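Student: Structure incoming, see below.
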Amino acid sequence: MEILGISYIEWIGYAASLFVLLSFLMRNITTLRYVNSIGCLFFVAYGILLDSWPIIITNVAIVCVNVYYLFINKKTPVPADAVKP
């Protein structure tokens, strides 16, 4: 199946790249991790479709790191005015 002459597998790769790129534009680290995780999950799907273990392993590891910091190692952010110089 193709859309605009590009296979659906490539579109998944483009979507993955877009989400990872967007994650680097985020100022909030929590939002960055969520958006980055979406991109990595797209990359995992892309890697599965290509049968590329390096893509799969790397992006599963990144999702695990993001899940760890989002849900397991939750730390309340310190307000800027509470930080002493």
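Student: Just the residues that are modelled with pLDDT under 95 and among the aromatic types (F, W, Y), please, taken from the range 1-33.
Tutor: Passing the criteria: Y8, W11, Y14, F24.
Student: Still on this structure: Could you list, ordered by first residue, the pairs with Cβ atoms under 7 Å in which the first is in the range 55-75 and more than 16 Å from V35 (Cβ to Cβ) and in contact (Cβ under 8 Å) with a residue 12 or more places away in the chain and the second is assigned to a helix (DSSP H, G or I) and of a type in the set (G, A, S), at least 6 apart or interchain?
Tutor: Close Cβ pairs satisfying both conditions: I55/G47; I56/G47.
Student: If we keep just the residues of the range 7-43 that are of a type in the set (S, T, N, Q) and under 16 Å from Y69 (Cβ atoms), which is farthest from the chain's Cα centre (by Cα)?
Tutor: N28
Student: Which residues, counting only those in the range 1-29, are outside any helix (DSSP H, G or I) and aromatic (F, W, Y)?
Tutor: Hit for the range 1-29 is F24, nothing else.
Student: Test I62 against the criterion of being at pLDDT 95 or above and either surrounded by fewer than 11 Cβ atoms within 10 Å (Cβ to Cβ) or under 12 Å from the mean Cα position of the chain (by Cα) (or both), and give yes or no.
Tutor: Yes: the conditions hold for I62.
Student: For the range 1-57, which positions are in contact with a Gly (Cβ under 9 Å, 6 or more places away or on another chain), under 27 Å from K75 (Cα atoms) and surrounded by 15 or more Cβ atoms within 10 Å (Cβ to Cβ)?
Tutor: F19, V20, L22, S23
The values are calculated or read from the model by the stated rules, or taken from the named source; none is laboratory data. As the structure is a computational prediction, the values presented were derived from the model and not from experiment. Methodologically, a virtual Cβ is constructed for each residue, glycine included, from the backbone with ideal geometry; neighbour enumeration extends over all protein chains shown.
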